[in-house]
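Each remark here refers to the structure printed beneath this line.
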Amino acid sequence: MLTQLTRLSIEADGRYAKTEELQFLKSYFQSWEQRVSAYEKIRAAEAQIINRVETKLRTLDPNLFLNAAGDFTEVWRRDIVQVLRYAAAALLFNEHDHLREGLLLWHNTIAKSYQFDQTCKTTFEVMPEVIEQYLTPQEALLLHPILELNLIILG
């Protein structure tokens with residue numbers, strides 16, 4: 001949304017914006033309450049979400065948090081909190097590009113260099129199921145493209 005507003009302010013400089021140019025604002029504000037609600041629910045349940053994802057991952061593969069250097073659970077927890085917070089902000093502001101360019105591409109490079117690839121892939125396969133337990137279907141529908149982006153880039 002912020003990127004689109006910036007682009008609109010440049011493109012419509014010195015003139016009135018056309019109706020079709022304003023459409024993104026209409027759709028954004030129609031989903032505003034759901035975005036805020038989902039953001040607040042994720043914020044309030046962050047620790048529970050992370051714990052449930054970790055538990056589910058350990059059930060799927062008890063060795064998922066091990067690499068040549070040892071157990072990297074604490075690094076995973078720190079990183080996944082950061083990714084979840086960025087995802088929630090991307091949901092709130094409808095800023096998928098900022099999420100992709102600002103965090104996910106950087107995190108992907110780090111994950112590959114430390115051989116966290118499989119852990120990332122499995123995390124973002126499991127995370128949607130866990131988070132959706134905290135959201136209404138409409139809120140989950142808004143979050144789904146962001147979680148899919150996480151899986152595509154980090155998985």
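Angle, helix 2-11 long axis vs. longest principal axis of the chain, Cα atoms, 0 to 90°, nearest 10?
Here the helix axis deviates by roughly 30 degrees.
Counting each DSSP H run of 4 or more residues in the chain as -39500 (n - 2.57), what helix-only mean residue ellipticity at 222 nm follows after dividing by all residues, to the nearest 500 deg cm²/dmol?
-24000 deg cm²/dmol
Projected onto the charge dipole of the range 22-90 (+1 at Lys/Arg Cβ, -1 at Asp/Glu Cβ, origin at the Cα centre), which of V81, A45, F29 gives the Cα projection farthest towards the positive end?
It is F29, whose Cα lies furthest towards the positive end.
I'd like the FRET efficiency for V75 and L151, computed as 1/(1 + (r/R0)^6) with the beta carbon distance as r and R0 of 30 Å, rounded to 0.05.
About 0.95, to the nearest 0.05.
Across the chain, how many lysine pairs, 8 or more apart or on two chains, come within less than 28 Å at their alpha-carbon atoms?
Close lysine pairs found across the chain: 7.
Based on the mean of other beta carbon atoms within 10 Å per residue, what is the order of 137-145, 54-62, 87-95, most packed first?
Values: 137-145: 15.9, 54-62: 13.7, 87-95: 20.9.
Most protected by this proxy first, the peptides run 87-95, 137-145, 54-62.
Residues in the range 124-143 near a label at E40, defined as backbone nitrogen under 17 Å from the 7 Å Cα→Cβ point?
Counting only backbone N, you get 134-140.
On C-alpha positions alone, give me the angle between the axis of helix 117-132 and the longest principal axis of the chain, in degrees, nearest 10.
Between the helix axis and the principal axis of the chain, the angle is about 60 degrees.
How large is Rg over Rh for the chain, taking Rg from the Cα atoms and Rh as the Kirkwood inverse mean of 1/r across Cα pairs?
Working: Rg = 17.6 Å, Rh = 16.8 Å.
Across the chain, the Cα-based Rg/Rh ratio is 1.05.
Would you mind calculating the gained length between Q4 and A17 on full extension (0.36 nm times residue separation, minus the Cα-Cα distance), in nm to one decimal?
On the way: separation 13, 0.36 × 13 = 4.68 nm, distance 1.25 nm.
Difference between extended and current length: 3.4 nm.
Every number in this text was worked out from the coordinates using simple rules, so none of it is lab data. Bear in mind the structure is a predicted one, so any value in this text is a computation, not a measurement. Every residue, glycine among them, receives a Cβ derived from its backbone with ideal geometry; neighbour counts consider all protein chains shown.
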